[in-house]
Amino acid sequence: MPLSPTTEAHLMTIPLLIDTDPGVDDAIAIWLALASPEIEIIGLTAVLGNGPVGPCAENAIRILDVFGRSDIPVHVGAAQPLTRSYARKGWGVHGVDGLGGIGLAAPSRKVDGEDAVGWMASVLAKAVPGSITLAPLGPLTNIAKLLQNHPQAKRGIKEMIVMGGATRPGGGNATPHAEYNFWLDPEAADIVCASGVPMTLVTIETARPVSATPARTARIAAAGSVVAGHVADLLRAYVHESKADALFDPLVMVYLLRPDLFRLCHARFRVEIGESPRLGALTWQPSVDKTPHRLLQAPDPDTIFDFLAERLRRQP
């Protein structure tokens, strides 16, 4: 599938709030957003997930520092799931520092003071109704708190593009039933799925075919920019640590920028909670009507990597 021309002539940008737990794939997703003139990042909010929330927030600043974007605020959110203990602390497959150990500089500043949920609520309350897109890349704890505690915030949300969920039995990466983000805080995931806010899911099944093979990683490195080199280094470190190579969080931004690269299935979502043996499993039913839930189906992997390389090539 040929790539469309770049869209720098767009007259309007997409206002975007990113909720994140960086994380190697979070970093790549955020850099792709920063490299895209169509997107205006309003701020980043940190949530527990790939690591504790404090280091995740510091990593968010380190990611922004690569682009010199000290103007973008970073707020700290939930340190624990809604009703459970934080079951897996530490970076695991994301390296000792959560960013692949590739040598990114220490954060240049401290996080902003206001609590992430309250700050998001304030931003959304002041926004034009239906104008702001949310991109949750980690567990949905912050987003669930936002929707529960500040229901008026819904009016400012255009849609959510969420990385989470496994649609097939045996397809999870936290348990056979569940994807990590939904498993870590299943109650939060179910609250968000039941909220009625328009929601598009990038699931494990969407992401797994988009694998960072050595040849595709080399194409990213060949883009030649400093950022492209960082992305290639992160992909190599991630594959080495995790023994897996799927591109997860960046697909959220690719869909936001190039929805034509994906197929959609309208569906109804819920998440298994409580004491279910399938805790965190995504339950879904295809829908013939235009429900607010949409499931992304696998794109062409080479086209995705070509698009990523094209965006990163134009960076310093």
For this session: Determine the relative contact order of the chain: mean sequence separation of Cα pairs under 8 Å and six or more apart, normalised by residue count, in whole percent.
Result: 19 percent
Exercise. If you bin every alpha carbon distance in the stretch 116-214 into 5 Å steps from zero, what whole percent lands in each bin?
Worked result: 3, 13, 22, 23, 16, 10, 8, 4, 1, 0
Exercise. Hey, what D do you get for the stretch 94-171 in µm²/s if you plug the Kirkwood alpha-carbon radius into Stokes-Einstein at 10 °C and 1.306 mPa s?
Worked result: 105 µm²/s
For this session: Extending each Cα 7 Å along its Cβ direction at K290 and R155, get the distance between those two points in nm, one decimal.
Result: 2.3 nm
Exercise. Relative to a virtual label point 7 Å from the Cα of R168 in the Cα→beta-carbon direction, which members of the stretch 186-226 show backbone nitrogen distances below 20 Å?
Worked result: 201-213
Problem set entry | Paramagnetic label zone (point 7 Å from Cα along Cα-to-C-beta, D115; backbone N under 17 Å) in the stretch 39-69 | 45-48, 53-54
Exercise. Using the Karplus equation 6.51 cos²θ - 1.76 cosθ + 1.60 (θ = phi - 60°), what ³J(HN,Hα) coupling, rounded to whole Hz, does each residue of the stretch 33-50 give in order, writing x for Gly and Pro?
Worked result: 4, 5, 7, 10, x, 6, 10, 10, 7, 6, x, 10, 10, 9, 9, 4, x, 4
Seminar exercise, completed: For the stretch 114-194, the dipole about the Cα centre with charges only on Cβ (Lys and Arg +1, Asp and Glu -1), to the nearest 20 debye, works out at 300 debye
Exercise. For the charge dipole of the stretch 197-268, defined by +1 on Lys and Arg C-beta atoms and -1 on Asp and Glu C-beta atoms about the Cα centroid, which residue among S225, A267, Y255 has the Cα displaced farthest towards the positive pole?
Worked result: A267
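I'd like the trypsin sites (Lys or Arg not before Pro) in the stretch 166-245 restricted to DSSP loop residues with at most 12 other Cβ atoms within 10 Å, sorted by number.
Listed in order of number, the matching sites are K243.
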For this session: Would you compute, for the Cα atoms of the chain, the largest minus smallest coordinate along each principal axis and list the three values in descending order, in whole Å?
Result: 48, 41, 41
Exercise. Relative contact order, percent, of the stretch 238-294 when contacts are C-alpha pairs under 8 Å separated by at least 6 residues?
Worked result: 29 percent
For this session: Using a 1.4 Å probe and counting only protein heavy atoms, arrange E40, E159 so the residue with the most accessible area comes first.
Result: E40, E159
Exercise. Expressed as a rounded percentage, what relative contact order does the stretch 141-281 have, with Cα pairs under 8 Å and six or more residues apart?
Worked result: 30 percent
Problem set entry | Net length gained if the chain between A298 and S70 were fully extended (0.36 nm per residue, minus Cα distance) | 78.6 nm
Exercise. How much accessible surface area, in Å² rounded to 10, belongs to the heavy atoms of T213 with a 1.4 Å probe?
Worked result: 40 Å²
Problem set entry | Table column - 3J(HN,Hα) (Hz), the stretch 58-71, Karplus curve with 6.51, -1.76, 1.60, x for Gly and Pro | 5, 5, 4, 5, 4, 5, 5, 4, 4, 9, x, 9, 6, 7
Problem set entry | Efficiency of FRET from Cβ geometry, T175 and S108, R₀ 35 Å, rounded to 0.05 | 0.35
Problem set entry | Spacing of the two label points (7 Å from each Cα toward its C-beta) at A125 and S276, in nm | 3.3 nm
Exercise. Of the beta bridges DSSP finds with both residues in the chain, what % are antiparallel, to the nearest 5?
Worked result: 30 percent
Seminar exercise, completed: Log entry: pair-distance distribution for the stretch 238-291, C-alpha pairs binned every 5 Å from zero, whole % per bin is 4, 14, 12, 14, 22, 20, 10, 4, 0
Exercise. What does the helix-only formula give at 222 nm for the chain: each DSSP H stretch with n ≥ 4 adding -39500 (n - 2.57), the total divided by the residues, and the result rounded to the nearest 500 deg cm²/dmol?
Worked result: -10000 deg cm²/dmol
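The values are calculated or read from the model by the stated rules, or taken from the named source; none is laboratory data. Nothing here was measured: the structure is a model prediction, and the numbers come from that model. All Cβ positions, glycine included, derive from the backbone under ideal geometry; neighbour counts span all protein chains shown. When the accessible area is computed, the model is the full protein with side chains, heavy atoms only, and any ligands, DNA or RNA have been set aside. Shrake-Rupley method; radii C 1.70, N 1.55, O 1.52, S 1.80 Å.
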